[in-house]
Amino acid sequence: NSIVSAAAPTQIALGGGLGSVATITLFEDNEELEAIKGKSILLNEANLTFHIDKQAVEQHGLSLPNRLYLYNANTNAPIIDFLRDASVIGTQNKLVYGGFLVKNDDNHYYKIRLTEYLRDIISKDSVNAPLRVSITNAFATQGAVAMAKVDNTSINKIPAGTVSSPKSAVFVGPTPTDPALADLKLQLELFYTEIE
C-alpha cells in the first residue's frame, strides 16, 4: 500500500489489488483559502478532474477502472457530496457525485464533485481535511463504503473495492513537466457567483 502526495507530483498512480491511494490536500496555502472565505460568494459547483496520462497508460497496458472514490483521509468517511447523493439510474448510483470514467476523443478523465464539502469549509469553517482518492468499480450501497485494514503505518484502512479491483490508472499530476499536458493537470475547479 502506498501513499502518493498530490503536493507537486508530475503523475499520480493508483492501483487495485495492492490498494494504492493518493492523498490530496486542498488549499495547501492557507492564505488562499482565507482569501476565498473573505469574499461574498455563492459556491455553485466544485470539481476535481483526474485526466488520464494516456502515454503512461498505453506504455504499461493498464486496464482503467470504472470509477474513482474520494474520501476524508482523517476519518475514512465519504465526503458529504457522496453521502447526500441519492441519485440512481439502473445499476449506477451517486450520479451527481460522479467519479465515472469519461472517454472524450483522446482525453479520458474522471470528474468528482465536492461542492458541499467545500461549501462547509468556506462558509461553516469546517476542517480542511486531506482527502484520499482510490480506484473502484462500483458502489454497492448508497451509504458508507466498506473499508479494509491494511498493513501500513501511514494508512490504517483503505476502501475494500480498491483491493478487489484488478485495474490501475496513471493521472496527470498538478505539476506536469510536459507542456502539452498543462491543460490536463489536476486542479480544483470552482464555479461561483459574487454576491453584491
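The values are calculated or read from the model by the stated rules, or taken from the named source; none is laboratory data. The structure presented is a predicted model; accordingly, all values stated were derived computationally and were not measured. Cβ: placed from backbone, ideal geometry, glycine included. Neighbour counts: every protein chain shown. Only protein heavy atoms, including side chains, enter the accessible area calculation; ligands, DNA and RNA are left aside. Shrake-Rupley method; radii C 1.70, N 1.55, O 1.52, S 1.80 Å.
Observations, loosely collected:
- Under the condition of being over 13 Å from the mean Cα position of the chain (by Cα) and part of a strand (DSSP E or B), the residues counted in region 124-148 number 2.
- Scanning region 93-107 for residues that are open to solvent by less than 80 Å² (accessible area, probe 1.4 Å) and charged (D, E, K, R) returns a single hit, Lys94.
- Hits in region 11-33 (condition: open to solvent by 20 Å² or more (accessible area, probe 1.4 Å) and in a strand (DSSP E or B)): Gln11, Ala13, Thr23
- For first residues located in region 13-32 and touching a residue at least 24 places away in the same chain (Cβ under 8 Å), partners that are open to solvent by 80 Å² or more (accessible area, probe 1.4 Å) and assigned to a loop (DSSP other than H, G, I, E, B) and lie 6+ apart or on another chain with Cβ distances below 8 Å form the pairs Gly16/Pro166; Gly17/Pro166.
- Under the condition of being open to solvent by 50 Å² or more (accessible area, probe 1.4 Å), in contact with a helix residue (DSSP H, G or I) (Cβ under 9 Å, 6 or more places away or on another chain) and not in a strand (DSSP E or B), the residues counted in region 154-194 number 1.
- Restricting region 34-77 to residues that are farther than 20 Å from Gln187 by Cα and of a type in the set (Gly, Ala, Ser) leaves a set whose member that is surrounded by the most Cβ atoms within 10 Å (Cβ to Cβ) is Ala77.
- Number of positions in region 78-92 that are among the charged types (D, E, K, R) and open to solvent by less than 40 Å² (accessible area, probe 1.4 Å): 2
- Selection within region 108-153: residues that are open to solvent by 40 Å² or more (accessible area, probe 1.4 Å) and of a type in the set (Asp, Glu). The member of this set that is nearest to Glu34 (Cα to Cα) is Asp125.
- Within region 54-123, helices (runs of 4 or more DSSP H) holding 2 or more residues that are closer than 19 Å to Gly15 by Cβ and in contact (Cβ under 8 Å) with a residue 40 or more places away in the chain: 54-60
- Residue list for region 78-97, filter: polar (S, T, N, Q), in contact with a strand residue (DSSP E or B) (Cβ under 9 Å, 6 or more places away or on another chain) and within 17 Å of Tyr110 (Cα to Cα): Gln92
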